[in-house]
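Let me begin by presenting the structure, written as structure tokens, before commenting on it.
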Amino acid sequence: MVSLMCFVSWVAFGLLQAVQGTQSSAGEQERLIGWKGETHISSRTSLAREPWIETVSWHPRAFVFHNFLSTEECDHIVNLAEPVMERSTVVGEGGKGVLDNIRTSSGTFIQRLADETIKDIEERIARYTHIPLAHQEDLQVLRYEHSQKYGAHYDSLVDGSPRIATVLMYLSEVEEGGETAFPKSTHWVDEAEQAGGEWSECARGVVAARPRKGDALLFFSLNPDLSQDRFSLHTGCPVLRGVKWSATAWIHTQPFRPGMLEKPAHPPQAMHQCVDEDASCAAWAKAGECRANPGYMVGTPSKPGACRPSCGLCEPCESKDDKECVHSNTQKLRDFLMSIDS
């Protein structure tokens, strides 16, 4: 616990120094460029606007990295996720995903390091937050259509490795609504920002961020002493016009499922397929490898593993159009992955 507190304090101190401009060496200035509005050095040549970081609030600690993603990166994430989108769930009893009217979006997960573009984005998140990539969960991609929302909630979770921070990336332009609002906080760094422009009723009068394509909102769910920051309660406001796409990277105090960072050496099956890809799968499953090595054995809904049948996590479907069967296989896998951390 002491080491965790030291780690979290180091992260918070590094961010504070960056914003206050107290790190003065040339190397540090280049690594933290953007905190004071200066030009960001980037290899991404397709950005329509220059990236810069805005400090939104200190209660909670919230920052918007404007133009964090290029248009092509936003579209790439959407194209990966769209074919496998399903009704979103929340964490229920026993760590299982359950449907709840608090969350009415559709969503899916993209495995860490899924391809070079995803890897580049995740490495950028690690540099942005000063927390290693291994602490990130798989990206969760969500789609909110008219009137869809995510009610007020905390991201932190209470377990052995709670979520310390969230990076929420906006993948589409929303005509109206869809803000991320913090209903317990009115602590704007720049009060003029609150007055500027139109906010939906959900976001009016409280700290909030607008869903602008390419922007990334970083906020911390825990205080430096690891207690929950009550001001981090947040909501995804209803979409009033347009469609909102977002990708969320939750970041833990400790490495998250480090075994799943190992990319499988085989092309992944689709969720309607249910075939062991190695003759040793049954023996490995009996030896406990389904839980010990989930990255290879079971994978994720976006990148299924090699031994799902032996792990009892799928049934063969008639075709990819057998939606009920595909949904059942997907839900079994998600529930299993959630149970690993419960």
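Which entries in the list LYS303/LYS323; LYS149/LYS184; LYS119/LYS323 go over 20 Å, if you measure between the two C-alpha atoms of each? Table pairs above 20 Å Cα-Cα are LYS119/LYS323.
One quarter of the surface of the convex hull around the alpha-carbon atoms of the range 136-294 equals 12.2 nm², the direction-averaged projected area. Close amide-amide hydrogen proximity is noted between SER221 and ALA165, THR166, each under 5 Å apart and 5 or more residues distant or on a separate chain (H modeled in the peptide plane; Pro and chain starts excluded).
Output the peptides 112-119, 208-215, 317-324 sorted from most to least packed, where packing is the average of other Cβ atoms within 10 Å over each peptide's residues.
208-215, 112-119, 317-324
The share of C-alpha pairs in the range 203-289 whose separation exceeds 16 Å stands at 75 percent. For the peptides 142-153, 59-70, residues were scored by their other Cβ atoms within 10 Å and the scores averaged per peptide; the highest-first order is 59-70, 142-153.
Values in this text are rule-based calculations from the coordinates and carry no lab data. None of these values were measured; they are calculated from a predicted model. Here the Cβ is made from the backbone with ideal geometry for all residues, glycine too, and neighbour counts use every protein chain on show.
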